[in-house]
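What follows is a set of notes on a single structure, which appears directly below.
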Amino acid sequence: QVQLQESGGGLVQAGGSLRLSCAASRTIFSIDRMGWYRQAPGKQRELVAESVSGRGGITNYADSVKGRFTISRDNAKNTVYLQMNSLKPEDTAVYYCVVDALRRYWGQGTQVTVSS
């Protein structure tokens, strides 16, 4: 059973930075996409950033994080990262990593809290 383990969440002041990591416990084959979602209290889970496999390595971002967040991945380590800069209080949420391969894998979530 493959598990995704996230790390790097925490409490930070507005304007600060955090780097989230998500590593798979075992090699995942045929990865189509790696990404990050977030869910704030009382809100639906939303896509934050994704990295699509294949030539060119397409990345997509939610409009609310464009220019502030950067997704990257280490395919050899089955690890995906999310560098978050210029954090805002509205970025406060539980962040989940996701890997789409032959099936979808979810991480357990890591809390990010941005204080004003």
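The values are calculated or read from the model by the stated rules, or taken from the named source; none is laboratory data. All figures in this text were calculated on a predicted structure; none of them were measured in a lab. When we count neighbours, we look across all protein chains shown, and the Cβ atoms used for this are built from the backbone with ideal geometry, even at glycine. In case anyone asks, the SASA skips ligands and DNA or RNA and just uses the protein heavy atoms, side chains included. Shrake-Rupley method; radii C 1.70, N 1.55, O 1.52, S 1.80 Å.
Within the range 1-52, being in contact with a Gly (Cβ under 7 Å, 6 or more places away or on another chain) and open to solvent by less than 40 Å² (accessible area, probe 1.4 Å) holds for L4, E6, L18, L20, S21, C22, A49, E50, S51. The strands (runs of 3 or more DSSP E) found wholly in the range 12-85 and carrying at least 2 residues that are closer than 16 Å to V114 by Cα occupy 18-24, 33-39, 79-84.
Look at the range 64-77: where a residue is over 15 Å from S53 (Cβ atoms) and a partner is part of a strand (DSSP E or B) and not aliphatic (A, V, I, L, M), sitting 6+ places away or on another chain with Cβ atoms under 8 Å, you get F69/Y61; F69/Q83; T70/Q83. When the range 60-102 is filtered for residues that are surrounded by fewer than 17 Cβ atoms within 10 Å (Cβ to Cβ), under 18 Å from C22 (Cα atoms) and at pLDDT below 95, the ones remaining, listed by number, are D74, N75, A76, K77.
Scanning the range 76-85 turns up one or more residues that are in contact with a Ser or Thr (Cβ under 9 Å, 6 or more places away or on another chain) and of a type in the set (V, I, T). When the range 86-116 is filtered for residues that are in a loop (DSSP other than H, G, I, E, B) and more than 13 Å from Q39 (Cα to Cα), the ones remaining, listed by number, are S86, L87, K88, A101, L102, R103, S116. The residues in the range 27-48 that are modelled with pLDDT of 95 or more and either in contact with a helix residue (DSSP H, G or I) (Cβ under 6 Å, 6 or more places away or on another chain) or of a type in the set (D, E) (or both) can be counted, and the count is 1.
Against the numbered list (1) touching a Leu at 6+ places or on another chain (Cβ under 8 Å); (2) buried (at least 17 other Cβ atoms within 10 Å of the Cβ), S115 comes up short only at (2).
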